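Below: the structure, in structure tokens.
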Amino acid sequence: MVGSFPFFVADAKRRYRLELFAAFCCLFLANPARLSAADTPAARGAVIGPTGLLESFDGVRNRDLDEWKRDISSYSLRHYGVGTWKLEPTAIVLHYTAGSGFPLNLIESREFKDEAPGVASHFVIDEEGGRVSVYQLLPLDVMSRATFGANFCAVSIEMVALDETDLLGKRALLDRATGLIQDLMERYGIPASRVYGHAEIDGFLAEDPHGDFFDNTIEGVFVPRKVDPGNAVMDYIRYALSAGDALLSEK
Ligand SMILES: [Zn+2]
């Protein structure tokens, strides 16, 4: 988390901290009045609730949190051996949605692969015409269902893009994602080495289905299927994260 909030920008370090602060305001205070007109989610069909969570998108209500907690607790018991909805984030996993519009399935799906709950990430980041919006779908202390084998420990971030090439063309989105990741790393003490792409988690499960990342329902060999968000996207974000660190430690 940002420790102090300099409003008078004097140097690059402070400018960077100011950007972090701005991202913090948008994400965690989620007061629409603090957003610029171009960034106002309400203009894009989104309604943000008083706690900062997305309430609805284009009239589709975000899922009921109590119901989610009940269902994800049961999921956690089956998959991780602990019946809890509680998340203490120690990793961040990045995804793309493989679509072009807001992923309504992340707020309205009731099941996935014949199992409750539906799928949901903590964040969705969208860019349209150079304008970036960040939506928070779940509280950060509540487990999401976005990354098989890592839901028990990870904050999940979905970036709206058709594929890796599409996503690489959305630099404003990637830069906002980097700012969000940096905020989360600071808030939870997560090192850059614990920022992963979804496909990388699949790779770990294939190496060892019952290692640091695991799922008790895997029997035998795990076959990786995910490709998102792609190596080039992860390279871009990792480089941006290391550049941000260098900037912050300049003085
Ligand atoms: Zn994914």
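The values are calculated or read from the model by the stated rules, or taken from the named source; none is laboratory data. Predicted model only: the values in this text are computed from it and were never measured. Using ideal geometry, Cβ is built from the backbone for each residue, glycine included, and neighbour counts are taken over all protein chains shown.
Structure values in brief
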{"read-out": "Residue check for Glu207: in contact (Cβ under 8 Å) with a residue 12 or more places away in the chain and of a type outside the set (Val, Ile, Thr)", "value": "no"}
{"read-out": "Selection within the range 67-89 - in a helix (DSSP H, G or I) and not aliphatic (A, V, I, L, M)", "value": "Glu67, Trp68, Lys69, Arg70, Asp71, Ser73, Ser74, Tyr75, Ser76, Arg78, His79, Tyr80"}
{"read-out": "Test result for Ala161, in contact with a strand residue (DSSP E or B) (Cβ under 7 Å, 6 or more places away or on another chain) and under 23 Å from Ile125 (Cβ atoms)", "value": "yes"}
{"read-out": "Any hit, the range 220-238, residues being among the small types (Gly, Ala, Ser) and farther than 26 Å from Ile107 by Cα", "value": "yes"}
{"read-out": "Complete set of residues in the range 146-173 that are of a type in the set (A, V, I, L, M) and in contact with a Phe, Trp or Tyr (Cβ under 6 Å, 6 or more places away or on another chain)", "value": "Ala150, Ile157, Met159, Ala161, Leu167"}
{"read-out": "Every pair of residues 6+ apart whose Cβ atoms lie under 8 Å, when the first sits in the range 40-62 and is over 12 Å from Leu137 (Cβ atoms) and part of a strand (DSSP E or B) while the second is modelled with pLDDT of 95 or more and polar (S, T, N, Q)", "value": "Val47/Ser56"}
{"read-out": "Considering residues of the range 186-219 that are β-branched (Val, Ile, Thr) and surrounded by 18 or more Cβ atoms within 10 Å (Cβ to Cβ) only, the residue farthest from the ligand (Cβ to nearest atom)", "value": "Ile190"}
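Listed here are the residues, each with its yes/no results for (1) surrounded by fewer than 20 Cβ atoms within 10 Å (Cβ to Cβ); (2) touching a residue at least 60 places away in the same chain (Cβ under 8 Å); (3) within 13 Å of the ligand (Cβ to nearest atom); (4) polar (S, T, N, Q).
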{"position": "Gly99", "(1), (2), (3), (4)": "yes, yes, yes, no"}
{"position": "Arg110", "(1), (2), (3), (4)": "yes, no, no, no"}
{"position": "Pro117", "(1), (2), (3), (4)": "no, no, no, no"}
{"position": "Ala120", "(1), (2), (3), (4)": "no, no, yes, no"}
{"position": "Gly129", "(1), (2), (3), (4)": "yes, no, no, no"}
{"position": "Ala146", "(1), (2), (3), (4)": "no, no, yes, no"}
{"position": "Met159", "(1), (2), (3), (4)": "no, yes, yes, no"}
{"position": "Thr165", "(1), (2), (3), (4)": "yes, no, no, yes"}
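For every residue, the table says whether it meets (1) in contact (Cβ under 8 Å) with a residue 60 or more places away in the chain; (2) surrounded by 22 or more Cβ atoms within 10 Å (Cβ to Cβ); (3) farther than 26 Å from Asn62 by Cβ.
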{"residue": "Gly149", "(1), (2), (3)": "yes, yes, no"}
{"residue": "Leu162", "(1), (2), (3)": "yes, no, no"}
{"residue": "Leu168", "(1), (2), (3)": "yes, no, yes"}
{"residue": "Thr178", "(1), (2), (3)": "yes, no, no"}
{"residue": "Val221", "(1), (2), (3)": "no, no, yes"}
{"residue": "Lys226", "(1), (2), (3)": "no, no, no"}
{"residue": "Arg238", "(1), (2), (3)": "no, no, yes"}
{"residue": "Leu241", "(1), (2), (3)": "yes, no, yes"}
